[in-house]
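Here's the structure, in structure tokens; my notes come after.
Derivation of every value follows stated rules applied to the coordinates shown; laboratory data play no part. All figures in this text were calculated on a predicted structure; none of them were measured in a lab. Because the Cβ atoms are built from the backbone with ideal geometry, glycine has one as well, and the counts that use them run over all protein chains shown.
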């Protein structure tokens with residue numbers, strides 16, 4: 001079971017990564033702007049009221065909508081989305097449902113999506129992460 005300290009430790013170990021001063025979010029500079037790759041999810045509890053941070057759920061950047069669909073279909077207990085993220089390349093991850101090793105893979109891939117070349121490993125040489133463990137096999 002992963003937690004926010006695991007998220008912070010993993011994210012800040014990546015080249016150029018930095019934590020936002022005003023919220024639990026991590027980004028890297030690309031083309032002169034900060035690009036987020038992992039952040040705490042803010043849930044809409046009541047209509048027309050501000051969203052509320054959910055420290056047990058992360059928004060994690062993914063490569064594209066195809067990768068997002070694979071993750072969502074492969075393990076709905078770990079990954080989900082909401083209308084706010086429709087069309088945006090990110091999935092919501094339930095932290096208590098992922099191991100530290102799974103979290104590390106998710107955050108590394110998220111960082112690679114936004115990190116500048118050549119800082120990130122060439123996108124063409126990256127291995128695609130498994131969406132979810134196979135039934136009956138440890139993840």
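Could you list, in sequence order, the residues of the range 80-98 that are surrounded by fewer than 14 Cβ atoms within 10 Å (Cβ to Cβ) and either assigned to a loop (DSSP other than H, G, I, E, B) or in contact with a helix residue (DSSP H, G or I) (Cβ under 9 Å, 6 or more places away or on another chain) (or both)? Quick ask: steps written out before the conclusion?
Step one: list which residues in the range 80-98 are surrounded by fewer than 14 Cβ atoms within 10 Å (Cβ to Cβ), which gives 82-83, 86-88, 96.
Residues satisfying the conditions are 82, 86, 87, 88.
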Would you tally the residues in the range 57-79 being surrounded by 16 or more Cβ atoms within 10 Å (Cβ to Cβ), more than 20 Å from residue 35 (Cβ to Cβ) and touching a helix residue (DSSP H, G or I) at 6+ places or on another chain (Cβ under 7 Å)? 3
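I need the full set of residues from the range 10-24 which are surrounded by 12 or more Cβ atoms within 10 Å (Cβ to Cβ) and free of Cβ contacts under 8 Å to residues at least 40 places away in the same chain, in order please. I'd like the intermediate steps shown before the answer.
Initially, the range 10-24 is screened for residues surrounded by 12 or more Cβ atoms within 10 Å (Cβ to Cβ), giving 10-11, 13-14, 16-20, 24.
Across the range 10-24, the qualifying residues are 13, 18, 19, 20, 24.
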Is the range 106-122 home to any residue that is part of a helix (DSSP H, G or I), in contact with a helix residue (DSSP H, G or I) (Cβ under 9 Å, 6 or more places away or on another chain) and surrounded by fewer than 16 Cβ atoms within 10 Å (Cβ to Cβ)? no
